[in-house]
């Protein structure tokens with residue numbers, strides 16, 4: 001066995017080394033003491049005094065007494081035991097005469113090599129350091145003797161471990177803190193976030209409904225996201241947006257685009273109408289009325305705008321109003337003239353985007369919902385009920401107008417007919433929290449929710465209507481009435497050719 005293997009074995013298994021390597025040849029001890037990097041301090045038990053042979057030890061060579069002590073290591077090797085018959089020729093380990101321990105005896109400065117009856121080893125330097133004094137006696141048998149590389153270094157006993165009572169108290173406090181933490185987390189209700197995808201014209205009323213609902217349900221938070229209603233529909237179809245509630249300004253988009261793949265029913269909850277909104281300093285503002293508004297808009301100095309028909313129902317409803325006005329006022333070509341007078345720069349994704357342009361003076365008139373005009377407190381002109389898409393009495397007349405809009409797939413077009421404005425909502429089939437969503441819808445349809453809608457310009461339906469009652473959540477069934485199926489209108493040959 002090499003010296004390196006011997007040392008590693010003895011250091012890793014001290015108990016085995018005491019039993020198996022009790023007798024070490026002096027030559028091995030010589031190599032271990034001369035090799036500075038591998039010598040370790042020795043711990044000597046203090047129960048028994050050292051018993052030294054009676055033979056006096058010879059004086060070590062002068063060269064060894066003046067040489068610097070070997071390198072000091074950091075841990076002890078209690079396995080280095082000398083031979084039971086040490087030889088006097090060993091230059092570093094010499095036997096010392098037997099001396100009986102006495103309480104008044106002074107440790108001898110001469111190096112000693114002693115062996116107790118239990119074969120314990122004690123080492124002491126042959127020549128004490130010049131800096132040593134009687135105030136620093138040599139270590140006793142109860143201490144560990146170190147061979148230091150510095151003449152001024154003194155041995156330091158290992159630090160005492162923490163008392164068991166302190167460790168036990170710390171563990172109890174740690175376990176108690178962890179238990180209280182998880183117990184508090186289990187008692188506190190988790191917060192649920194509902195995602196509401198809604199039309200831009202519903203931003204103000206839904207914000208107030210969300211505040212009232214969160215006050216009654218502190219564990220629920222509502223995340224409102226507004227787009228044009230057609231954009232909301234495409235968010236569900238194309239991006240599979242995980243909305244809990246979808247509220248649109250045109251209820252007919254839900255059965256046409258979302259059912260049955262993405263939704264099971266449509267709830268009609270409010271109605272609205274289209275108005276012409278303007279500033280007090282807009283050209284012709286002092287003389288505009290329900291009979292001459294077309295002439296005011298067609299003046300060269302007037303700028304008016306509307307939302308995108310392919311993104312927002314307010315956009316294609318504006319085109320429907322122009323067609324109905326052409327019939328109502330009996331002015332052929334009026335819809336085409338208005339379309340040419342409105343450049344693409346005056347068309348924005350949703351109707352609420354036009355408000356900033358109107359306030360900045362870039363637009364003089366915009367077509368927008370009555371509820372939005374009332375919310376902003378700006379001047380507006382109410383159009384005749386025969387063309388404003390807000391009166392159920394003229395629903396048949398509204399259906400004489402139709403426009404093309406982009407369909408579900410790229411390149412596909414759909415025919416959108418005129419009809420009474422109905423706001424609709426649904427809980428999508430992929431809603432993350434359908435039960436919480438049903439609670440929100442129930443609050444919106446309640447007396448308090450309908451009052452908030454009315455305060456913000458919308459006309460709530462009483463009672464709300466639904467087309468598929470068997471697919472409703474049980475919480476909503478008592479609040480709704482089944483609506484009549486709409487009359488089917490057969491398209492003519494021209495419509496079949498233009499809009500396949």
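Can you tell me which of 392, 428 is in the same structural domain as residue 230 (by TED's automatic domain parsing) and either closer than 30 Å to residue 473 by Cα or surrounded by 18 or more Cβ atoms within 10 Å (Cβ to Cβ) (or both)?
Numbers: 392 fails: in the same structural domain as residue 230 (by TED's automatic domain parsing).
None of the others qualify; the one that does is 428.
Got a number for residues in region 333-355 being modelled with pLDDT of 95 or more, part of a loop (DSSP other than H, G, I, E, B) and in contact with a helix residue (DSSP H, G or I) (Cβ under 8 Å, 6 or more places away or on another chain)?
Result for region 333-355: 1.
Considering only residues that are touching a residue at least 12 places away in the same chain (Cβ under 8 Å) and out of contact with any helix residue (DSSP H, G or I) (no Cβ under 7 Å at 6 or more places or on another chain), which ones fall in region 292-313?
Within region 292-313, the first condition is being touching a residue at least 12 places away in the same chain (Cβ under 8 Å), and the residues that meet it are 293-294, 296-299, 301-313.
Result: 293, 296, 299, 301.
Kindly provide the set of residues from region 194-221 that are within 21 Å of residue 251 (Cβ to Cβ) and in contact with a helix residue (DSSP H, G or I) (Cβ under 7 Å, 6 or more places away or on another chain), ordered by number.
Within region 194-221, 194, 196, 197, 198, 199, 201, 204, 205, 209 qualify.
Which of the residues belonging to region 173-198 are modelled with pLDDT under 95 and assigned to a strand (DSSP E or B)?
Step one: list which residues in region 173-198 are modelled with pLDDT under 95, which gives 173-192.
Of everything in region 173-198, just one residue is modelled with pLDDT under 95 and assigned to a strand (DSSP E or B), namely 192.
Just to confirm my filter: which strands (runs of 3 or more DSSP E) fall fully inside region 202-277 and include at least 3 residues that are over 32 Å from the mean Cα position of the chain (by Cα) and buried (at least 22 other Cβ atoms within 10 Å of the Cβ)? Don't jump to the end; show me each part of the working.
Working: elements: 220-227, 245-248, 267-271.
The strands (runs of 3 or more DSSP E) meeting that bar are 267-271.
Testing residue 260 on (1) closer than 24 Å to residue 470 by Cα; (2) touching a residue at least 12 places away in the same chain (Cβ under 8 Å), one condition comes back false. Which one is that?
Every condition holds for residue 260 apart from (2).
For residue 317, indicate whether it is part of a helix (DSSP H, G or I) and surrounded by fewer than 20 Cβ atoms within 10 Å (Cβ to Cβ).
On the way: part of a helix (DSSP H, G or I): yes; surrounded by fewer than 20 Cβ atoms within 10 Å (Cβ to Cβ): no.
Here the answer is no, as residue 317 does not meet what is asked.
Residue by residue through region 396-418, note down the ones that are in a loop (DSSP other than H, G, I, E, B) and crowded, with 19+ Cβ neighbours inside 10 Å. Full working, then the answer.
First, the residues of region 396-418 that are in a loop (DSSP other than H, G, I, E, B): 399-401, 407-412, 418.
Hits for region 396-418 are 401, 418.
Yes/no per residue for (1) touching a strand residue (DSSP E or B) at 6+ places or on another chain (Cβ under 6 Å); (2) in a strand (DSSP E or B); (3) modelled with pLDDT of 95 or more:
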| residue | (1), (2), (3) |
| --- | --- |
| 420 | no, no, yes |
| 423 | yes, yes, yes |
| 429 | no, no, yes |
| 432 | no, no, yes |
| 436 | yes, no, yes |
| 439 | no, no, yes |
| 444 | no, no, yes |
| 449 | no, no, yes |
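The values are calculated or read from the model by the stated rules, or taken from the named source; none is laboratory data. Remember, it's a predicted structure, so these values are computed and weren't measured experimentally. Cβ atoms come from the backbone with ideal geometry, glycine included; neighbour counts cover every protein chain shown.
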